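Structure record follows, encoded as structure tokens.
Derivation of every value follows stated rules applied to the coordinates shown; laboratory data play no part. What you are looking at is a predicted structure, and each value in this text was computed from that prediction instead of being measured. All Cβ positions, even for glycine, are placed from backbone atoms using ideal geometry, and neighbour counts span all protein chains on display.
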Amino acid sequence: MGFLPIYVPRELLHAQGVLPVGLMGGRPDLEIIKGDAYYQSYICHLPRSTIELGLNGSYDALDGLIFPAICDVIRNLSGMWQMLFPKVLVHYLDVPQNFDPAIGGAFYRRDLESLSQALAARGARPLTADALRQSIALYNENRRLVRELYALRRREPWKVPTHELYVVLRAALVVPVEESTPMFADYLALTSADRSRRPQDQARVLVTGSFCEQPPLALIKTLERAGCYIVDDDFVQVHRFIRSDIPVDGDPLQSIVNALLTDAVASPTRYIADEVKGADLNQRATDSGAEGVLFCAPSFCDPALLDQPMAVRAVERTAIPWTAFKYAENNGQFQVIREQAGTFADSIKLWSGA
Amino acid sequence: MSTTPSVTTAAQKDSSQVRQKEMIARHFDRLAAAPDSGARCAYTFVPGNLTELLLSFDVLPVLPEINALQSAMRGKTAEYIAAAEKLGHSEDVCTYVKSDIGMMKSGNIGPTGQRLPTPDLLLLSYTGCFTFMKWFELLREDYHCPVAMLHVPYQADGRITDNMRTYVVDQLKNVVIPKLEEVTGRKYDEDRLRAHLARSAQAEDDLVWVLQSAKNVPSPIDAYFGAVYYVGPIFSAFRGTADAVDYYRELRAEIAERIRQGKGPVTPDGEVERERFRIVVEGPPNWTSFRQFWKMFSDEGAVAVASTYSKVGGVYDLGFRHDPDHPLETLAEYCLGCYTNLSLPTRIDLLTRYLSEYRADGFLINSVKSCNSFSAGQLHILREVEARSGRPGGFIESDLVDPRYFSAANIKNRLESYFQMLDQKRAGAAS
Ligand code: SF4
Ligand code: SF4
């Protein structure tokens, strides 16, 4: 089953013998032939590449797609998918914006049960508590290693260049958890041991806003070459959407539900009820020792861009400087961003030196 | 393109229009007086509004979307949007939000020129649009007032499930009502709510009759531009009031009289005397050049006989009525059933059905830059509806309240070519 950003409970799919395949739009070199005919110029790029890849047969191996409720574009794309690909399973995962276990939790649980039944109806194994517990354990280990990689990058960013980490995280979207966990472990071991990687005079920045449509890899490299160490980010967020281990004892489906209600990141796609908007971002900046924040959102991305003024205000309450730019997944020119990020990194270094 | 003027007689105000104007004026007077009178007010949204519930607590609704569109009609939104963008709001996002924020920062002067009260509650009914959630998160930062979040699930598979209904009812019981009790200091009174809901159903019957009157040839109403006025009371602060019941009864009688006389719709520039094209319209109107936009249709004798925009506050023509016997369930069903909460296949079905039921010559999509909820997928809708109905579709682009995105010459050209094509098709069919 393919799934779109940001988050689906992959454990559930895995427990039923289904391979979750994370889809994140297209690379810059994907030629959009048909996708553009489905979208006006003022809509982000991800849905057009997704349609392109669907129509050109790239997703033929998938039995279906899950569309998490993160914005109106993905929401409407779910309906288009139903019509364009009537034979595959299309599930709109309506994640709750009410975080009371008895209300939003109950709703989400029933939604997951219906997803599980739909998968079983298409030949997946019926869901059992034991299988789900085992899957949770596997994904806990998987997420733990991602957290370790992020922690290592925070401590020694020169050891974990983001353009490398990013590729590892992307690769993990399309292979079974049984393969991605050793891949993470290997990368962690290799890069930790690599003594040739030495610190450089770079500014530590947190990159935020890129949780759905992804920046081209060249953009990440551009930021690094412009003098930035990326010490925290929103890229390929499914690996970190749930922040800690999900309990393996008790009712495992309920544990998955509770994890979303109480332990998910404060994404712009989620309603922040009682906390201060941006508090989570500031905490992340503190935890990662970020010296600057880069607001880096896809053009026309409603959740990121509507959220940004609040996030900026929150960052401005701290002493951390920020800058902002937009991108599309198919951008090929980064001269302006390179200059902007370079100036930003230089100013940070200048001030931290002073 | 057309040489014979389609609009001839001078426009005059019907008594329903006068009544509506008075209702609105009274409402804004009460809002302006709220700081002194102590009346409570809640800001909330059109789709999924809970007007009857608010009224049962004597809370006055304020609809920021309606303020934004009214600001656009008064030529204020360019400056409001500029003010919001200066504060860091992206040029890419919904201009209703930016207009509202700009208006707030410029003194919060409402459509009648009076200052709007600050909200005692932000009733965040998250129906059919993700932006609503961000909008009230933004307002909360300025108003520091309580927020009641009502998350309404999306009808992704084209139907309302028990799970969705239960979820919404649970939130009404455990989140929205307690918050209203807290803000007003009053207890929830279900009998009062039922009485409002009964009045809603009465008004809804008459509204549906009015909208369906467009099945007549010629249509006595314009079901897009004209319908904006007809749906005003029921989409805003008046659903469930005796005023709304009276308004819709009066409107119905006026339209019945127009049918009897074989008259076409009234436009700001007069009556459409010769109905040349019957059109179904998808998407919201442009508000900054509303009159000019309408004139581009009426000059050609193009009459909108059905529209989806007139369903954003409730798709009553499919049979839904507020049901006083099941007060919370009916509010849940209402929220779940608003147009932008429908799946794309359902929207396509509805448009196709309108084309045949209203004997339309074709359909037009006005795709607005602001609104992903409406716009994402509209090109797919265009192709599908054309294929299913066999009737030609037209596509124009503009925006809701940002005048920078209304290119009059461009839109006029496109409309003229579209109507020309309809003419040619008709001539071809006749020969
Ligand atoms: S990039 Fe933003 S607007 Fe586009 S699909 Fe993703 S979340 Fe939605
Ligand atoms: S995005 Fe569309 S539905 Fe949402 S607030 Fe803006 S105009 Fe309304």
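The stretch B:119-185 and the stretch A:146-177 have their alpha-carbon centroids 38 Å apart. Which residue, A:V177, A:A304, B:A408, has the largest displacement toward the positive end of the dipole of the protein assembly as shown when charges sit on each Cβ (Lys, Arg +1; Asp, Glu -1)? Highest projection toward the positive end goes to B:A408.
For the stretch B:34-66 and the stretch B:219-243, write down the distance between their C-alpha centroids in whole Å. Between the Cα centres of the stretch B:34-66 and the stretch B:219-243 lies a distance of 18 Å. Taking every alpha-carbon pair under 8 Å whose residues sit at least 6 apart, the stretch B:305-431 reaches a relative contact order of 19 percent. A Cβ-based charge dipole, computed about the Cα centre of the protein assembly as shown with Lys and Arg at +1 and Asp and Glu at -1, lands at about 960 debye.
For peptide B:87-98, the mean count of partner chain Cβ atoms within 10 Å of a residue's Cβ comes to 5. Which percent, to the nearest 5, of DSSP beta bridges fully inside the stretch B:15-430 are antiparallel? Bridges in the stretch B:15-430 are about 10 percent antiparallel. For the Cα atoms of chain A, what angle does the longest principal axis make with the long axis of helix A:46-55, in degrees from 0 to 90, nearest 10? So the inclination is approximately 50 degrees.
Computed 3J(HN,Hα) for the stretch A:101-112, one whole-Hz value per residue from the Karplus formula 6.51 cos²θ - 1.76 cosθ + 1.60 where θ = phi - 60°, is x, 6, 10, x, x, 5, 4, 5, 4, 5, 5, 5, glycine and proline marked x.
R0 = 45 Å: FRET efficiency of B:K173 with A:K349, Cβ-based, nearest 0.05? All intermediate terms of the calculation are to be shown ahead of the outcome.
On the way: r = 56 Å, r/R0 = 1.24.
Given R0 = 45 Å and the Cβ-Cβ separation, E is 0.20.
For chain B, the longest principal axis of the C-alpha atoms and the axis of helix B:190-212 are separated by about 10°. Among beta bridges from DSSP that stay inside chain A, the antiparallel ones total about 5%. Our summary gives chain B a relative contact order of 21 percent, counting only alpha carbon pairs under 8 angstrom and 6 or more residues apart. Since only B:Q424, B:P64, B:P268 are under comparison, the one whose Cα sits farthest along the positive direction of the charge dipole of chain B, derived from C-beta charges on Lys, Arg, Asp and Glu, is B:Q424.
Near the amide H of B:T267, within less than 5 Å, lie the amide hydrogens of B:V272, all on another chain or at least 5 residues away, with H placed in the peptide plane. Structural descriptor for the stretch A:192-347: relative contact order 34 percent, calculated from alpha carbon pairs under 8 angstrom and at least 6 residues apart. Relative to the longest principal axis of the Cα atoms of chain A, helix A:72-84 runs at roughly 40 degrees. Please work out the C-alpha center-to-center distance from the stretch A:101-117 to the stretch A:232-293 and express it in whole Å. Centre-to-centre distance over Cα atoms comes out at 20 Å.
How much of the DSSP beta bridge set in the protein assembly as shown is antiparallel, as a percent to the nearest 5? Walk me through the numbers before you get to the answer.
Numbers: 5 of 55 bridges.
Within the protein assembly as shown, antiparallel bridges account for around 10 percent of the total.
For the segment A:43-50, counting C-beta atoms of other chains within 10 Å of every residue's C-beta and taking the mean gives 2. Computed extension length for A:R125-A:L217: 29.4 nm, one decimal, from 0.36 nm per residue of separation with the Cα-Cα distance subtracted. For B:G377, the residues whose modelled amide H falls within less than 5 Å of its own, excluding neighbours fewer than 5 places apart on the same chain, are A:Q40.
For a Förster distance of 41 Å, can you work out the FRET efficiency between the beta-carbons of B:H326 and B:E257, rounded to the nearest 0.05?
On the way: r = 36 Å, r/R0 = 0.88.
For B:H326 and B:E257, the calculated efficiency is 0.70.
Of the residues B:S213, B:S15, B:S307, the one with the fewest other Cβ atoms within 10 Å heads the list, and the complete ranking is B:S15, B:S213, B:S307.
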